[in-house]
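These notes concern the structure reproduced below.
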Amino acid sequence: MKSFTVSKLMLVVAFAAVALPGSVFADSSVAGSVSFTGEAPAAKPVKMNADPACKSAHSGPVMDNSVVVNSNNTLKNVFVYVKEGVTGEYPAPAEVVKLDQKGCWYEPHVFGIQVGQQLEISNSDATLHNVNAKAKANRPFNIAQPVQNMKSKKKFSKPEVMVSVKCNVHPWMQSYAGVVEHPFFAVTDATGAFSIEGLPAGDYVLEAWHEELGTQTQNITVAEGAAATADFSFSAQ
Amino acid sequence: MDKQLETPKWLAHYALFTACFTFFLIIAGGMVTSTDSGLAVPDWPLAYGMWFPPMVGGIFYEHGHRMVAGVTGILILLLNLFLWKNESRLWVRRLGQIMLLGVVIQALLGGLTVILLLPPQISIAHAMLGQAIFCLTVAVAHALGKSWQGNTNSLQTISESVWRMCLSVPILVSVQLFLGAYYRHTGAALMPHVIGAFAVLIGICFQNYYVLRFAADMKPLLRMSMRLLLFVCLQIGLGLVAWMKPEWPSMVTAHVGLGALILAQSVLAAWTAGRCPRKTVSSPASSVA
């Protein structure tokens with residue numbers, strides 16, 4: 001009786017693996033890190049004197065985050081995405097991407113979003129902000145968020161890497177959105193690592209984008225169900 | 001040449017004040033672009049739905065510019081009323097009316113830059129029209145001022161070539177202002193603006209040469225030409241600093257402001273030359289000594 005149940009279960013699993021299109025069993029991943037060589041630029045403190053509400057939101061100095069070199073000589077805030085090779089359609093997920101303005105600072109500084117996915121922009125500050133998205137392929141927008149806890153929703157209709165999001169009231173506030181047609185993107189973290197999951201087997205062009213250091217691409221081949229590795233290295237300019 | 005002036009002194013002073021305030025508006029507008037604050041207030045004519053938003057960060061520059069522009073508009077409107085009541089010369093009143101029309105168009109262009117998210121064509125048109133309005137305020141102040149009467153009394157016959165030279169400079173300066181605005185609002189290559197700067201310098205050097213050689217006794221024109229040469233030399237220096245230190249908004253704005261003064265001065269010089277009786281032959285022997 002027990003052996004019959006196990007064999008039935010195995011049969012169901014085998015059937016599912018063969019029958020489901022784009023099955024999870026066939027998907028692969030690519031992971032890696034983005035290293036930095038050379039002398040890391042000294043982080044400069046951001047002057048927030050232009051708005052007392054911004055200054056008082058921080059107890060210590062806030063450092064410029066345009067080039068963040070982690071303690072292991074890797075780079076934070078690098079947008080890594082599959083630039084070429086993705087086939088098929090990937091509908092926008094229901095999950096909302098959030099961009100917050102807190103302490104007159106964008107959180108996150110770099111983020112990815114799918115075409116058609118909801119972007120929720122909120123103002124957690126007790127001061128006013130404008131949110132100026134300088135899109136080129138997409139329709140640019142500039143919205144006012146004068147009230148604390150105000151939320152605005154936006155969508156991008158076309159792929160665009162990257163869309164600059166800026167506050168002109170507080171010119172140090174800068175964020176970047178990588179808009180892509182599929183979910184195969186990631187942003188490097190405080191260890192410089194990234195991981196893109198669920199990628200079907202195939203040949204791809206992977207691109208790493210950094211706001212100051214430019215872009216790099218590399219060709220990768222992802223085997224069925226395997227985890228590929230792709231490392232990038234940017235050097236000081 | 002001109003009818004005896006009956007312009008009240010206070011009106012001349014008021015016109016001069018309006019011209020100075022318009023120059024201040026150009027500086028305020030220049031600071032908006034230099035600090036990248038043009039979109040700090042996303043709505044127009046209100047600001048964040050208010051008449052007076054908190055003047056923090058970029059709002060200080062953008063809304064400050066709107067307020068200065070509003071005051072300038074009122075000053076120009078009043079100037080028109082005063083001209084209507086007190087100025088006998090029709091063409092001076094007409095200049096005032098053109099100025100007023102220009103201010104209305106300029107306000108609409110300013111609103112469009114905000115609503116359409118700074119399209120370069122409109123931003124450039126806004127910048128150029130601002131310079132033109134400033135020139136008109138200077139022209140009216142000049143026409144009402146003592147200098148007009150002084151110049152009228154000292155007008156002498158000048159050669160056609162001096163007049164043509166003086167006329168070519170404001171045209172060159174206008175083209176150069178366009179190139180500067182184009183560079184500033186589109187991020188295009190700087191080289192055409194640099195070439196334009198040297199073209200203006202050469203044009204002003206020639207103007208000085210012609211005035212010195214053929215119309216040296218025409219003192220107001222000589223003074224204006226020499227002042228232009230001084231301004232353009234300063235302007236090239238300021239331009240160099242602005243290029244090397246774009247993060248210094250005050251320097252870039254000073255460059256814009258001095259550009260406006262050069263245009264106004266060149267227009268006044270051309271106008272003064274244009275008011276002189278002219279001879280067609282241009283040689284030292286035939287020119288007015």
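The values are calculated or read from the model by the stated rules, or taken from the named source; none is laboratory data. Only a predicted model underlies this, so the values are computations on that prediction, with no experimental measurement involved. Here the Cβ is made from the backbone with ideal geometry for all residues, glycine too, and neighbour counts use every protein chain on show. For accessibility, only protein heavy atoms count, side chains too; no ligands or nucleic acids. Shrake-Rupley method; radii C 1.70, N 1.55, O 1.52, S 1.80 Å.
Assuming B:TYR61 fulfils every condition listed in (1) within 14 Å of chain A (Cβ to nearest Cβ); (2) in contact (Cβ under 8 Å) with a residue 40 or more places away in the chain apart from one, which condition is it?
All conditions are met except number (2).
When you scan segment A:164-184, how many residues do you find that are of a type in the set (Phe, Trp, Tyr), open to solvent by 10 Å² or more (accessible area, probe 1.4 Å) and away from chain B (no Cβ under 14 Å)? Spell out the reasoning first.
We begin by selecting, within segment A:164-184, every residue of a type in the set (Phe, Trp, Tyr); these are A:172, A:176, A:184.
Right, trim to open to solvent by 10 Å² or more (accessible area, probe 1.4 Å) and you get A:172, A:176.
Those left that are additionally away from chain B (no Cβ under 14 Å): A:176.
Residues in segment A:164-184 being of a type in the set (Phe, Trp, Tyr), open to solvent by 10 Å² or more (accessible area, probe 1.4 Å) and away from chain B (no Cβ under 14 Å): 1 in total.
Going by the structure shown, is B:MET31 surrounded by fewer than 16 Cβ atoms within 10 Å (Cβ to Cβ) and not hydroxyl-bearing (Ser, Thr, Tyr)?
No: the conditions fail for B:MET31.
Filter segment A:40-65 down to the residues that are in contact (Cβ under 8 Å) with a residue 12 or more places away in the chain and within 14 Å of chain B (Cβ to nearest Cβ) and list them by number. Explain how you work it out, then say what you get.
Just the residues of segment A:40-65 that are in contact (Cβ under 8 Å) with a residue 12 or more places away in the chain, to begin with: A:40-41, A:43-48, A:50-51, A:53-54, A:57-58, A:61-65.
Result: A:LYS44, A:VAL46, A:LYS47, A:MET48, A:ALA50, A:ASP51, A:ALA53, A:CYS54, A:ALA57, A:ASP64.
In segment B:90-174, which helices (runs of 4 or more DSSP H) lie fully inside it and hold 3 or more residues that are more than 14 Å from B:THR272 (Cα to Cα) and not hydroxyl-bearing (Ser, Thr, Tyr)? Full working, then the answer.
On the way: elements: B:90-115, B:120-144, B:146-154.
Correct list: B:90-115, B:120-144.
Looking at segment A:34-52, which of its residues are small (Gly, Ala, Ser) and at pLDDT below 95? Quick ask: steps written out before the conclusion?
Taking segment A:34-52 as the starting set, the residues that turn out to be small (Gly, Ala, Ser) are A:35, A:38, A:40, A:42-43, A:50.
Residues satisfying the conditions are A:GLY38, A:ALA40, A:ALA42, A:ALA43, A:ALA50.
What is the residue count in segment A:136-163 for residues that are among the hydrophobic types (A, V, I, L, M, F, W, C) and more than 10 Å from chain B (Cβ to nearest Cβ)? Let's see the steps before the verdict.
So the first thing to find is which residues in segment A:136-163 are among the hydrophobic types (A, V, I, L, M, F, W, C), and the list is A:137, A:141, A:143-144, A:147, A:150, A:156, A:161-163.
Remaining after also requiring more than 10 Å from chain B (Cβ to nearest Cβ): A:137, A:150, A:156, A:161-163.
Here the count works out to 6.
Return only the number of the condition from (1) open to solvent by 40 Å² or more (accessible area, probe 1.4 Å); (2) free of Cβ contacts under 8 Å to residues at least 60 places away in the same chain; (3) closer than 25 Å to B:LEU46 by Cβ; (4) aliphatic (A, V, I, L, M) that B:ILE115 does not satisfy.
Unmet condition: (2).
In segment B:29-45, what count of residues is obtained for those that are part of a loop (DSSP other than H, G, I, E, B) and under 28 Å from the mean Cα position of the chain (by Cα)?
Step one: filter segment B:29-45 for residues part of a loop (DSSP other than H, G, I, E, B), giving B:35-45.
Keeping just the survivors that are under 28 Å from the mean Cα position of the chain (by Cα) gives B:35-41, B:44-45.
Total meeting the criteria: 9.
As an exercise: evaluate B:SER88 against (1) among the hydroxyl-bearing types (Ser, Thr, Tyr); (2) open to solvent by 40 Å² or more (accessible area, probe 1.4 Å); (3) modelled with pLDDT of 95 or more and give the number of the one condition it does not meet.
Answer for B:SER88: the failing condition is (3).
Quick one: B:GLY70 ticks every box in (1) open to solvent by 50 Å² or more (accessible area, probe 1.4 Å); (2) more than 14 Å from every other protein chain (Cβ to nearest Cβ) bar one, so which box is it?
Evaluating B:GLY70 over (1) open to solvent by 50 Å² or more (accessible area, probe 1.4 Å); (2) more than 14 Å from every other protein chain (Cβ to nearest Cβ) leaves (1) as the failure.
List the number of the failed condition for B:ILE76; all other conditions in (1) surrounded by fewer than 21 Cβ atoms within 10 Å (Cβ to Cβ); (2) under 18 Å from the mean Cα position of the chain (by Cα) hold.
(1)
Among the residues of segment B:1-50, what is the count of those that are of a type in the set (Asp, Glu) and away from every other protein chain (no Cβ under 14 Å)?
Applying the first criterion (of a type in the set (Asp, Glu)) to segment B:1-50 yields B:2, B:6, B:36, B:43.
Filter again for away from every other protein chain (no Cβ under 14 Å), leaving B:2, B:6.
Here the count works out to 2.
Looking only at segment A:110-159, count every residue that is touching an Asp or Glu at 6+ places or on another chain (Cβ under 7 Å), among the hydroxyl-bearing types (Ser, Thr, Tyr) and open to solvent by 50 Å² or more (accessible area, probe 1.4 Å) and tell me the total.
Final tally of qualifying residues: 0.
Might you check whether a residue that is open to solvent by 20 Å² or more (accessible area, probe 1.4 Å) and within 14 Å of another protein chain (Cβ to nearest Cβ) occurs anywhere in segment A:204-214? Give the steps one after another, and end with the answer.
Applying the first criterion (open to solvent by 20 Å² or more (accessible area, probe 1.4 Å)) to segment A:204-214 yields A:205, A:209, A:211-214.
Next, from what is left, pick out any that are within 14 Å of another protein chain (Cβ to nearest Cβ): none.
No - not one qualifying residue is present in segment A:204-214.
Name the single residue, out of those in segment A:134-149 being more than 23 Å from the chain's Cα centre (by Cα) and of a type in the set (A, V, I, L, M), that is nearest to B:TRP44 (Cα to Cα).
Within segment A:134-149, the match that is nearest to B:TRP44 (Cα to Cα) is A:ALA144.
Look through A:GLY60, A:GLY88 and report the one residue that is at pLDDT below 95, open to solvent by 30 Å² or more (accessible area, probe 1.4 Å) and farther than 27 Å from A:VAL180 by Cβ.
Values: A:GLY88 fails: farther than 27 Å from A:VAL180 by Cβ.
From the options A:GLY60, A:GLY88, the qualifying one is A:GLY60.
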